1. Can you give me the C-alpha center-to-center distance between the range 121-141 and the range 1-64, rounded to a whole angstrom?
2. Normalised by the number of residues in the chain, what is the relative contact order in percent for Cα pairs under 8 Å and 6+ residues apart?
3. Once you charge only the Cβ atoms, +1 for Lys and Arg and -1 for Asp and Glu, what is the size of the charge dipole of the chain about its Cα centre, to the nearest 20 debye?
4. How many nm separate the modelled label positions at Asn28 and Ser160, each set 7 Å beyond the Cα in the direction of the Cβ?
5. For Lys59, go through the aspartates and glutamates and keep the ones whose alpha-carbon is under 12 Å away, minus same-chain ones fewer than eight residues off.
6. Per residue of the chain, what 222 nm ellipticity follows from adding -39500 (n - 2.57) for every DSSP H run with n ≥ 4, rounded to the nearest 500?
7. Please give me the summed charge of the neighbours of Asp121: other residues whose Cβ is under 10 Å from its Cβ, Lys and Arg +1, Asp and Glu -1.
8. Cut-off under 15 Å on the C-alpha distance; same-chain residues fewer than 8 positions from Lys30 excluded. Which aspartates and glutamates are left, in chain and number order?
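Any read-out appearing in this document is the output of simple, stated calculations on the displayed coordinates, not a laboratory observation. Just so you know, these numbers come straight off a predicted model, no measurement behind them. Cβ coordinates were reconstructed from backbone atoms using ideal geometry, including for glycine residues, and neighbour counts include every protein chain displayed.
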Amino acid sequence: MIFVFDFDKTLTSDHTQGTPDIEFDYFNEKQLKKVIDIMDDIKKTGNMAIILSRGNENKITEYLKIRYPVIYHNLHMILGTSLGLAIESVIESDLEWARWKADKLIMIQNQFPLNKIVFLDDTLINVQIANKIGFNAYHVIYNSLNRTTNIDEIYHRIISV
Ligand SMILES: [Mg+2]
């Protein structure tokens with residue numbers, strides 16, 4: 001299986017605004033542990049983890065590589081944009097972004113035809129569009145009260161099937 005994760009607020013607890021700052025911690029302790037455990041498990045079980053973000057691909061890569069090599073080394077690929085948030089001037093609506101992500105999922109599917117793709121994102125429309133074109137997509141819900149997501153619950157539900 002290929003697990004495709006959105007980055008901001010799906011893996012992270014705080015939004016990076018597309019360009020994570022190496023000095024800043026976007027994971028709270030609880031979330032960090034969940035993400036490290038999930039990535040570890042994906043690698044251990046012979047599956048694949050990909051990050052798909054509308055944020056800046058190089059910045060996200062550099063951030064994880066330097067700050068969280070333990071996560072970075074378990075990732076197969078990081079897909080993002082070259083401009084980060086600046087690209088918002090080109091892509092204006094959430095629906096267009098959802099279509100952009102769906103196109104990337106199709107690209108991944110073409111690249112790894114024998115693998116089943118599971119897509120997780122905290123933005124509902126991204127999940128809806130991906131589901132609509134036939135992907136298994138799950139909505140990760142961010143809980144601002146205890147600052148955690150239920151990403152581990154979703155992950156364990158998927159792998160137990
Ligand atoms: Mg997000």
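1. Using only Cα atoms to place each centre, the spacing works out to 17 Å.
2. Working: 261 pairs, mean separation 43.0, N = 161.
Answer for the chain is 27 percent.
3. On the way: 17 positive and 21 negative charges, 107 e Å.
Computed about the Cα centre, the dipole is about 520 debye.
4. Label at Asn28, label at Ser160, 2.4 nm between them.
5. Candidates past the 8-residue exclusion: Asp21.
6. Details: 6 runs with 68 residues, N = 161.
Value at 222 nm, helices only, nearest 500: -13000 deg cm²/dmol.
7. Numbers: positive: Lys9, Lys101; negative: Asp6, Asp8, Asp122.
Here the charged neighbours net out to -1.
8. Answer for Lys30, where 15 Å is the Cα cut-off: Asp14, Asp152, Glu153, listed by chain and number.
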